[in-house]
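Participant: Let me begin by handing over the structure; questions about it come next.
The values are calculated or read from the model by the stated rules, or taken from the named source; none is laboratory data. Every value quoted in this text rests on a predicted model; they were computed, and no experiment measured them. Note that we place each Cβ from the backbone using ideal geometry, even for glycine, and neighbour counts take in every protein chain shown. Side chains included, ligands, DNA and RNA excluded: accessible areas come from the protein's heavy atoms. Shrake-Rupley method; radii C 1.70, N 1.55, O 1.52, S 1.80 Å.
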Amino acid sequence: MTNAPDFSLDDELEATAAWDADDFESGYADDDDRADDRADEPAVDLDAPDPEDDDPTVGAMELAERHQLRRVASLRTELEDITEVEYRQLRLERVVLVGVWTEGSVQDAENSMAELALLAETAGSEVLEALFQRRQKPDPATYIGRGKVEGLAEIVAATGADTVICDGELAPSQLRNLEDKIKVKVVDRTALILDIFAQHAKSREGQAQVELAQLSYMKQRLRGWGGNLSRQAGGRVAGGAGIGGRGPGETKIETDRRRINTKIAKLRADLKQMKVTRDAKRSGRARNEIPSVAIAGYTNAGKSSLLNRLTSAGVLVEDSLFATLDPTTRRTTTADGRVYTMSDTVGFVRHLPHQLVEAFRSTLEEVAAADLILHVVDGSHPDPEGQLSAVREVLAEVDAAKIPELVVINKADAADPLVLARLQAREPHSVVVSARTGEGIAAALAVIESELPRPSVEFEVLLPYSRGDLVNRLHQEGEIDTLEHTADGSLVRGRANESLAGELAAYAVLPSAVAPSVEGGSPS
């Protein structure tokens, strides 16, 4: 038994009969309040397509996933994660850039520092200050000299920076001396690029290549923090270990170095096995004599955008340095139906770390094995000539300097026309395009198709209609000059590769003979 009054549904419905349904749903007392608030709401286009209905590409999904974890400079508060009951402070590293200008003009030094700033921002940091000095060569002890180190320490203390990034590859002693004097973390250009590669590597092969490069770089820069990590002693000196605590043993650094060497050996074995798979795919294309085009160029020059424009590949595109690392190969066709492949490769940069060139050598072999290289250069960059020379240095390292090259000057919509004219005068074998707007793409495709290797064996054959497979292969692998359908079969003249020409030899037509009749699918 309870003292609650009896419940009646009819009484409750009668009590709510006077309520305005619109007021109840929206929570407003009158129509004027609703109208005022709805006036502030953004207009909704009912005819606009639903974004969820679109079929996103793989590159778009990867870009969305990358942006989900992007750190934001304006986020300065501590947030409480209710599920894990912990506090996390989300903020960017605050860095100061340091460079040494040994050769070239002041503009070259400023361009190098601007590129270092972009690298730092891509890695996830906030650049507070940048300074560089003119020297004949970097200081062997501190990279910038004793006086500049003191000034740098004052700048770091005044700005509250927690990292210093140097525009060059520092020796282990230089890193140690700078950290001891500045009292913050010091990173050189090589470590910065390796960090970006580690963030953006997606495939198993790419991650193994980046890890191999990082371990090769780290092995020479190991050091112990404190005496217990850097040396050993026995007896009472060893913290009272006494008997049983003496012996040859290993220091902490030696143990770490041994483990790194073991890991490097394993990674090289894994990459060697992956190279077998890549070589098998490449040999299959070579066996079928399928022409290949490799897209190479400076990082953020628009290689992935150009690949998407030329082949509808749908790979990730982002306005940042080293946005894509994993090579992408797509099958495409010429205007007359010939099949060829187009491959995107890792971007290059000035002073690309030697460890990366060695680790990515198997990937860069795609460029060395190509029939044509599309050398993409950013026409809107302050120093496009420097980009061209930097890329060609790396191409020479991987034995790709002798491959035919077509310079593609990209970003014509944002470039200065005078710069484009200067580049075209410097590089006569070049085309100007805009992967963003599509300007010049048709002309570039025409030049690419004309530059592809052409079949060398001429033929004139009468193919029976039962051998339509050979006609299809001629469209894909050969060049057809004339195609005439007769009562006895298809009379075809053109050029083909040696293997296909061998299969066509049984149907060859002698120049002085009359076209033979065809019976039973074979010529008489």
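Participant: Kindly indicate the residue of the range 125-163 that is surrounded by 18 or more Cβ atoms within 10 Å (Cβ to Cβ) and in a loop (DSSP other than H, G, I, E, B) and also nearest to the chain's Cα centre (by Cα) among those meeting that condition.
Facilitator: A161
Participant: Could you say which residue among G347, G302 is in contact with a strand residue (DSSP E or B) (Cβ under 8 Å, 6 or more places away or on another chain), modelled with pLDDT of 75 or more and open to solvent by less than 10 Å² (accessible area, probe 1.4 Å)? Outline the logic, then answer.
Facilitator: Values: G302 fails: open to solvent by less than 10 Å² (accessible area, probe 1.4 Å).
Of G347, G302, the one residue that is in contact with a strand residue (DSSP E or B) (Cβ under 8 Å, 6 or more places away or on another chain), modelled with pLDDT of 75 or more and open to solvent by less than 10 Å² (accessible area, probe 1.4 Å) is G347.
Participant: I've got another one for you. From the list A238, A208, exactly one residue is in contact with a Gly (Cβ under 6 Å, 6 or more places away or on another chain), at pLDDT below 90 and hydrophobic (A, V, I, L, M, F, W, C). Which is it?
Facilitator: A238
Participant: Tell me, which residue of the range 353-397 that is among the hydroxyl-bearing types (S, T, Y) and either open to solvent by 30 Å² or more (accessible area, probe 1.4 Å) or without any contact (Cβ under 8 Å) to a residue 40 or more places away in the chain (or both) is farthest from S105 (Cα to Cα)?
Facilitator: S380
Participant: Is it the case that some residue within the range 54-73 is within 30 Å of I155 (Cα to Cα), of a type in the set (G, A, S) and either modelled with pLDDT of 85 or more or open to solvent by 70 Å² or more (accessible area, probe 1.4 Å) (or both)?
Facilitator: There is no residue in the range 54-73 that is within 30 Å of I155 (Cα to Cα), of a type in the set (G, A, S) and either modelled with pLDDT of 85 or more or open to solvent by 70 Å² or more (accessible area, probe 1.4 Å) (or both).
Participant: Just the residues that are open to solvent by less than 20 Å² (accessible area, probe 1.4 Å) and either touching a Cys at 6+ places or on another chain (Cβ under 7 Å) or among the β-branched types (V, I, T) (or both), please, taken from the range 432-464. Lay out the reasoning, then the answer.
Facilitator: Residues of the range 432-464 that are open to solvent by less than 20 Å² (accessible area, probe 1.4 Å), as a first pass: 433-435, 441, 444, 448, 452, 455, 461-464.
If the condition is that a residue be open to solvent by less than 20 Å² (accessible area, probe 1.4 Å) and either touching a Cys at 6+ places or on another chain (Cβ under 7 Å) or among the β-branched types (V, I, T) (or both), then V433, I441, I448, V461 are the ones that fit.
Participant: For the range 309-319, does any single residue satisfy the condition of being open to solvent by 20 Å² or more (accessible area, probe 1.4 Å), among the small types (G, A, S), in a loop (DSSP other than H, G, I, E, B) and farther than 27 Å from V419 by Cα?
Facilitator: yes
Participant: I'm trying to understand the selection: among the residues of the range 477-487, which are touching a residue at least 24 places away in the same chain (Cβ under 8 Å) and either among the hydroxyl-bearing types (S, T, Y) or open to solvent by 60 Å² or more (accessible area, probe 1.4 Å) (or both)?
Facilitator: T486
Participant: Something else now. List the residue pairs whose Cβ atoms are under 8 Å apart, where the first residue sits in the range 256-282 and is of a type in the set (K, R), the second is not in a helix (DSSP H, G or I), and the two are 6 or more positions apart or on different chains.
Facilitator: So the pair list comes out as R257/L222; R258/E250; R282/A369.
Participant: Let me ask you something else. Looking at the range 432-448, can you tell me whether even one residue there is in contact with a strand residue (DSSP E or B) (Cβ under 8 Å, 6 or more places away or on another chain) and of a type in the set (K, R)?
Facilitator: Checking the range 432-448: not a single residue is in contact with a strand residue (DSSP E or B) (Cβ under 8 Å, 6 or more places away or on another chain) and of a type in the set (K, R).
This table checks each residue for (1) in a loop (DSSP other than H, G, I, E, B); (2) closer than 22 Å to G168 by Cβ; (3) modelled with pLDDT under 80.
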{"site": "T341", "(1), (2), (3)": "no, no, no"}
{"site": "L364", "(1), (2), (3)": "no, no, yes"}
{"site": "E385", "(1), (2), (3)": "no, yes, no"}
{"site": "A390", "(1), (2), (3)": "no, yes, no"}
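Participant: Still on this model: Residues in the range 448-464: is at least one assigned to a loop (DSSP other than H, G, I, E, B) and among the polar types (S, T, N, Q)? Explain how you work it out, then say what you get.
Facilitator: Going residue by residue through the range 448-464, those that are assigned to a loop (DSSP other than H, G, I, E, B) are 452-456, 464.
Checking the rest, the ones that are also among the polar types (S, T, N, Q) come to 456.
Scanning the range 448-464 turns up at least one residue that is assigned to a loop (DSSP other than H, G, I, E, B) and among the polar types (S, T, N, Q).
Participant: Still on this structure: Determine if the range 406-426 includes at least one residue that is in contact with a helix residue (DSSP H, G or I) (Cβ under 8 Å, 6 or more places away or on another chain), among the charged types (D, E, K, R), farther than 29 Å from D270 by Cα and assigned to a strand (DSSP E or B). Steps first, answer last, please.
Facilitator: Narrowing the range 406-426 to residues in contact with a helix residue (DSSP H, G or I) (Cβ under 8 Å, 6 or more places away or on another chain): 406-410, 412, 419, 423, 426.
Narrowing the set further to residues that are among the charged types (D, E, K, R) leaves 426.
Remaining after also requiring farther than 29 Å from D270 by Cα: 426.
This time we only want the ones that are assigned to a strand (DSSP E or B), so: none.
Scanning the range 406-426, I find no residue that is in contact with a helix residue (DSSP H, G or I) (Cβ under 8 Å, 6 or more places away or on another chain), among the charged types (D, E, K, R), farther than 29 Å from D270 by Cα and assigned to a strand (DSSP E or B), so the answer is no.
Participant: Being under 13 Å from H354 (Cα atoms) and open to solvent by 10 Å² or more (accessible area, probe 1.4 Å) is the filter here, so list the residues in the range 190-214 that pass it.
Facilitator: A191, L212, Q214
Participant: Hey, does the range 406-428 have a residue that's closer than 22 Å to K275 by Cβ and out of contact with any Leu (no Cβ under 8 Å at 6 or more places or on another chain)?
Facilitator: No, there is no match, as no residue in the range 406-428 is closer than 22 Å to K275 by Cβ and out of contact with any Leu (no Cβ under 8 Å at 6 or more places or on another chain).
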